[in-house]
1. Suppose the filter is at negative phi, more than 17 Å from the chain's Cα centre (by Cα) and not assigned by TED's automatic domain parsing to the domain that holds residue A:245; does residue A:139 pass it?
2. Taking the conditions exactly as written (within 14 Å of chain C (Cβ to nearest Cβ), farther than 20 Å from residue D:231 by Cβ and surrounded by 18 or more Cβ atoms within 10 Å (Cβ to Cβ)), does residue D:281 satisfy them or not?
3. Tell me which residues, restricted to the range A:183-208, are out of contact with any helix residue (DSSP H, G or I) (no Cβ under 9 Å at 6 or more places or on another chain) and in contact (Cβ under 8 Å) with a residue 40 or more places away in the chain.
4. For the structure I just gave you, tell me whether residue C:112 is farther than 17 Å from residue C:303 by Cβ and over 18 Å from the mean Cα position of the chain (by Cα).
5. Out of all the residues in the range A:271-287, is one or more closer than 20 Å to residue B:267 by Cα and either in contact with a helix residue (DSSP H, G or I) (Cβ under 9 Å, 6 or more places away or on another chain) or in the same structural domain as residue A:180 (by TED's automatic domain parsing) (or both)?
6. Answer with yes or no whether residue C:171 is assigned to a loop (DSSP other than H, G, I, E, B) and either surrounded by 22 or more Cβ atoms within 10 Å (Cβ to Cβ) or within 15 Å of the chain's Cα centre (by Cα) (or both).
7. With D:76, D:72, D:54 as the choices, which residue is surrounded by fewer than 15 Cβ atoms within 10 Å (Cβ to Cβ), without any contact (Cβ under 8 Å) to a residue 24 or more places away in the chain and over 24 Å from residue D:281 (Cβ atoms)?
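The values are calculated or read from the model by the stated rules, or taken from the named source; none is laboratory data. Bear in mind the structure is a predicted one, so any value in this text is a computation, not a measurement. Here the Cβ positions follow ideal geometry from the backbone for every residue, glycine too, while neighbour counts run over all protein chains shown.
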């Protein structure tokens, strides 16, 4: 059995704690969260003990920590986990400050800390099928990609204000997916963004609708739409146009009943939001973290992937502000 | 150029006359119909002359006649066409009286009259694709068939009263399709029918909903649903379950726009009714009639097919009345 | 906490034991099965003790028993549970011998035993949505129903020989669904069946393809297709044609990726077989059993439903043998 | 009856000539084309006379001309039509040289020549339904648009060399659709383009894959993908995300048969290429030209629309070359 400590008992911490508890080779030993309500319920549900961060890091029996606490704590917890020699499963982003991300990434890499970054979409069976079919050569060369990410409805203003902006908060998963599918780095980023839906988001200095174009180092093309609302719910799709075939990741419907009347045929809206849509992905991601600890199997996304996705989000922000495309400096 | 005479300027006569006129090797020479309105407009539109039946049959330049007049005239026109040595394209049924159908079929066959029976569904590209894929062996052996035929809304009572009943008026096309796909005769017929939708149909002594089960001579199975209404429009589907694959003929949507809102995804209702749905089939059917005249190429459906489909409709009526399955006498 | 005993550690017993163990208010106290392998693994997985039937029935702490053992043991276990005053969750059928079913049903009803019959399809969210929309009046009056049930591939001959035949083994769920949706009893049953796919099934005296027509007491119509194979996998669909709308239960796809190439658009085959397709239904069914024990809430299917569905399966068998429709004796 | 002269007997001239000939109030009086083969066949088919351009312009009975000749003749024919007082139906583009387009547009407008520009997609029933639902207010405010245009396969190099480049040759229809749906002008254009598919296109100095982002004057967003190949055929889709609903124009399938086997469900590829896909649009477009002549009803696209779409294509070309977004000068 592997002992894990879960930092953060909020929405995503809850998912990870339950997946860890349901894993046959894991014990959730500790829940760490300053707020008592959800924390204590989650501890009861998983049979874990509520402790503070010091205690969790100090316990040498703890093999890994899941960092699902508020974003401003990620960097510190990552560094402490690296010092304590614990494997880390960290939700994105490492920090809203990109320089901090770079410093933490350097430190974590220097320490040789096993690290899984929470880009759960890489673990989704549908996105993986697309990736595997491209990587395996059946699909032919990937030429261009179109991605759609739309939330069901705008988040509250308080959330927006702490989010780091739509590119870091939402589009970062699409930047990551672009790198994952292309298997190479991005050369240029162009982004436009507007507040078209919710004036509260604009008042918070953020946007709710964005369009982003990427070119890869080898010259392949990616288009992304990001939006804080779709009239029908959560919209998460991808089209990968390859030489031999096109691969589509479609939305998954909420149910399997169709209604037909004089207006036509009515199909279910999609599964609502990422918790439902990516339930299987979160389970597989936790299993990958266990594999990382037990066998050193590299996860699908690591610290470096978090850094690079965020670098693209930073570039998109700069592009939007200047109205011009940004050329990435590609490491030699 | 082939000269044709069109008998009947009603709804279906109109379709056939226009398709004939649009055929590059056909001239619509005569329109025959006792009622002036639609007849004269159709004659003007096709450049045809309005004449009576005698005149049309007497003109030796007329190579073929299209019998799309009222059902009670079909038998007489068929016999006169046979006598006059003209090819015949005849709408079903030959007569509401089955004995008459048998007599006319015998006479027409004895005369060697080239004859195309108006089972246009055999000419529909989708149904043909299914048939061809079965006949060609790709699909594997056809094991069972499920068919759905539902009209958009019940016909007026006056129509029902002259229709010969739902089995002869509507289900006859499905009986024909069963024989066409199976490529063999039917051994047993079981039918239940009820008036569940429109009391006017019941008052006319007919049914509006029926379920029919057929077994073929070699033991394969067919199920049919026939109905005078579908809430969404015209419903015309088929599932052919074969050893290697299932072939579905789906409804064709009225347009290609999908709407999505909080209730889900809304797709167009199907093309409304057989005139639209089978527009291509009617064109191909007319072309086949031209081929029959020009080259003797056998049409997909002939006089014998009309007889056998109607024999099944008669058996279904008997089964519904007695509540028991009817065993067909299969010719040696 | 409710203590349950699970009888049978086979495929379906495994499902029920895990669902019971995962229920927050249930403890799986005992696993009862004469064969050690799967039984012991299941006991270990659920934290249950392996005991014999006597011990399980004798333990007054056991509030309910789940009978998922081999069919020939169902009747005896049901009667013993009734005597011991335990609630019962029983897999269908109660017995292959219909007289036994009637006797057991009478005894269980006389004893007032709370009983849930394992027609899990009633608990499937999609089938329930259809039922609720009909029962709630939104859909308008249900007029006719078409059901498709096809297994992915024929079962082994040994299974067929002990199954009681396809009507009792497979179609019984469709008979039950017909009664559930119609909300009334069936008046006539007509069935044809053939061995068209697997000669081994024929050699075992059974059929692999059947078509069944039902009429209800009030005159509504039902058609069912039952088959031991579909070329693409498990096929479980329903069309409920109502006055205002048609409700379709569609197959659920195995994944959400579409492939497009020169041959067209390729969508995933359905979830393979009932264990996957009805995973949610089995969970909800277990929750309903807990509710039955805790609060007396009537389950969606009880002993009487098992009896009536099997009565229809018996009638279908008789109809197939005689070639004629069977009229049900409807209780006053 | 209206007399028309058709300039150009190539692929698109053929479509327009046949649609004109099939229109009940039109006579195709002249076919003008220097090459005898297709020209003479088309003249025979439509009952037209073959003449030279002088003769067609000189005939005062000719009310309108359809300019479907090679691009380098458009400007001259347009000016001569304006001088001769004939209504014009002109295929895009007016000229590959944008200055020429501006001059011709000014002259044609000054002359008051009734002019329909050949953006047939505006006449497609599906695209019109989307436009009408937005314009009518049902859909709510249009917020952003995503468009896909992919040809079935790359054109020959000789075609590419005379095409003016992919933005003018292909994307011009998407630029036009953006303006049509938004109902306002474009403020910024950003485009990337690569030759990823066919090296012959690269050798001709053109691209085969492009991604374009537009912002409108009021700040709404448009994304377009243009490509010279889709593995499955012609890909022509649109997503219009509005406040109340999303409207999708889907591809139209080539047939209505679905095949199902162990690999899943196989649906037809789309109608192949724009001639088939937009057959109805071309008919309606010709009818609109007749209306323009008969009643002065403004067509959905006029000379000014051709100019503005091409201005965007020019801007896209400039953006691709500089790697930076282009800000449009918007007329006061």
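1. On the way: at negative phi: yes; more than 17 Å from the chain's Cα centre (by Cα): yes; not assigned by TED's automatic domain parsing to the domain that holds residue A:245: no.
Criteria not met by residue A:139.
2. Values: within 14 Å of chain C (Cβ to nearest Cβ): no; farther than 20 Å from residue D:231 by Cβ: yes; surrounded by 18 or more Cβ atoms within 10 Å (Cβ to Cβ): yes.
Considered against the rule, which asks whether it is within 14 Å of chain C (Cβ to nearest Cβ), farther than 20 Å from residue D:231 by Cβ and surrounded by 18 or more Cβ atoms within 10 Å (Cβ to Cβ), residue D:281 comes out as no.
3. A:187, A:197
4. Values: farther than 17 Å from residue C:303 by Cβ: no; over 18 Å from the mean Cα position of the chain (by Cα): yes.
Considered against the rule, which asks whether it is farther than 17 Å from residue C:303 by Cβ and over 18 Å from the mean Cα position of the chain (by Cα), residue C:112 comes out as no.
5. So far as the range A:271-287 goes, yes, one or more of its residues are closer than 20 Å to residue B:267 by Cα and either in contact with a helix residue (DSSP H, G or I) (Cβ under 9 Å, 6 or more places away or on another chain) or in the same structural domain as residue A:180 (by TED's automatic domain parsing) (or both).
6. Working: assigned to a loop (DSSP other than H, G, I, E, B): no; either surrounded by 22 or more Cβ atoms within 10 Å (Cβ to Cβ) or within 15 Å of the chain's Cα centre (by Cα) (or both): yes.
For residue C:171, the condition - assigned to a loop (DSSP other than H, G, I, E, B) and either surrounded by 22 or more Cβ atoms within 10 Å (Cβ to Cβ) or within 15 Å of the chain's Cα centre (by Cα) (or both) - is not met.
7. Details: D:76 fails: surrounded by fewer than 15 Cβ atoms within 10 Å (Cβ to Cβ); D:72 fails: without any contact (Cβ under 8 Å) to a residue 24 or more places away in the chain.
Only one candidate passes the filter, namely D:54.
The rows are residues; the columns are (1) at pLDDT below 95; (2) part of a strand (DSSP E or B); (3) touching a helix residue (DSSP H, G or I) at 6+ places or on another chain (Cβ under 7 Å).
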| site | (1), (2), (3) |
| --- | --- |
| C:31 | no, yes, yes |
| C:34 | no, no, no |
| C:37 | yes, no, no |
| C:43 | no, no, no |
| C:55 | no, no, no |
| C:60 | no, no, no |
| C:64 | no, yes, yes |
| C:75 | no, no, yes |
| C:78 | no, no, yes |
